[in-house]
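Visitor: One structure follows; several queries about it will come next.
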Amino acid sequence: KDSSSNTIEVKIKEIIKKMTGEDIDIYVGCRTEKGVHALAQTANFKLNDRYQAIEIKNYLNRYLPRDIAINHVEEVDERFHSRLTCKKKTYRYVINNSEFSSAIYRNLETHIPQKLNVEKMKEAVKFFEGEHDFKAFKASGTSSKSSVRTIYKAEVYQEGDRIMIELTGNGFLYNMVRIIAGTLVEVGFGKIEPNTIPEIIENKKRENAGKTLPPNGLYLMKVIYD
């Protein structure tokens, strides 16, 4: 848990305390590390006093820093838990594959100037679909007891010079998406053949997979509950 006072969690807790006088605990759908972006993060907390959802939403958006926006607030069942109730999550990794990096979007994507073979990346990404032991695609020191996860959908697509890697699964290990993205980049360079992905998964050795790409290209897109 990040002990820094400059986190989204801390900022929300401060504003709720200002509004209600209550110290709350926040539970989030997925923890994102420094540099990673979240377009649709979810969180839940409990208040002792009753407030209208619109009151909470308006108050938070009025006092939170401009780089945090609350899109929706609703009352949920007491048994609801943002992380434990979650069924699926979707992540996207964005690569700028043009010759020069973008001055404006430099913190919102990863720049790789060498041309990547997108067709081979599209072929390789499909091997990640299904239930697998993703031990080869997790960072050391992760606290998860099991490295078995299910990826329901995996795709690579291109928009101009940008390559998108999108994964939907029932859960992801620490740095798993960034390592899968790094492996697909190695495929794009021709260093790894698409049909060797199943062997890399089966061998469960981290050194056989690609590098961990930087956090700035990673986005949490959806947290799905049904």
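Visitor: Search the structure for amide H atoms under 5 Å from the amide H of Leu213, placed 1.01 Å from N in the peptide plane, and list their residues when 5 or more places away or on another chain.
Guide: So Leu213 has HN proximity to Ile179, Gly182.
Visitor: If you build a Gaussian network model of the chain, linking Cα atoms that sit under 10 Å apart, which residue out of Pro113, Pro194, Pro214 swings the most?
Guide: Highest fluctuation among the options: Pro113.
Visitor: Taking θ as phi - 60°, what are the ³J(HN,Hα) couplings along region 151-165 by the Karplus curve (6.51, -1.76, 1.60), each to the nearest whole Hz, with x for Gly and Pro?
Guide: Listing the rounded values in order: 9, 7, 8, 9, 8, 10, 9, 10, 10, x, 8, 9, 10, 10, 10 Hz.
Visitor: Show me, for region 83-88, the HN-Hα J-couplings you get by feeding each phi into the Karplus relation (A = 6.51, B = -1.76, C = 1.60, θ = phi - 60°), rounded to Hz, glycine and proline as x.
Guide: 3J(HN,Hα) across region 83-88, in whole Hz: 8, 6, 8, 5, 9, 8.
Visitor: For region 50-64, just list the computed ³J(HN,Hα) in residue order, Karplus coefficients 6.51, -1.76 and 1.60, θ = phi - 60°, integers in Hz, with x standing in for Gly and Pro.
Guide: For region 50-64, the Karplus-derived couplings read 8, 9, 6, 4, 5, 4, 5, 4, 5, 5, 4, 5, 6, 10, 6 Hz, x marking Gly and Pro.
Visitor: With unit charges on the beta carbons (Lys and Arg positive, Asp and Glu negative) and the dipole taken about the Cα centre of region 94-145, which residue among Ser140, Ala103, Asn117 sits farthest to the positive side?
Guide: Ser140
Visitor: For the chain, modelled as a GNM with alpha-carbon contacts under 10 angstrom, which of Thr85, Thr168, Thr110 fluctuates the most?
Guide: Taking springs between Cα atoms under 10 Å, the residue moving most is Thr85.
Visitor: Compute the Rg/Rh shape ratio of region 176-226: radius of gyration over Kirkwood radius, all on alpha-carbon atoms.
Guide: 1.06
Visitor: Hey, another quick one. Can you pull the percent of Cα pairs in region 57-204 with separation above 24 Å?
Guide: Counting every Cα pair in region 57-204, those more than 24 Å apart make up 45 percent.
Visitor: Which order do Ser102, Ser146, Ser82 take by accessible area at a 1.4 Å probe, largest first?
Guide: Ser146, Ser102, Ser82
Visitor: For region 80-121, take N as its residue count and report Rg(C-alpha) divided by 2.2 N^0.38 Å.
Guide: That ratio works out to 1.75.
The values are calculated or read from the model by the stated rules, or taken from the named source; none is laboratory data. Small disclaimer: the values here were computed from a predicted structure and weren't measured. Ideal geometry is used to build each Cβ from the backbone, glycine not excepted, and the neighbour counts take in all protein chains shown. Each accessible area value is taken on the protein alone, full model and side chains, heavy atoms only, with ligands, DNA and RNA left out. Shrake-Rupley method; radii C 1.70, N 1.55, O 1.52, S 1.80 Å.
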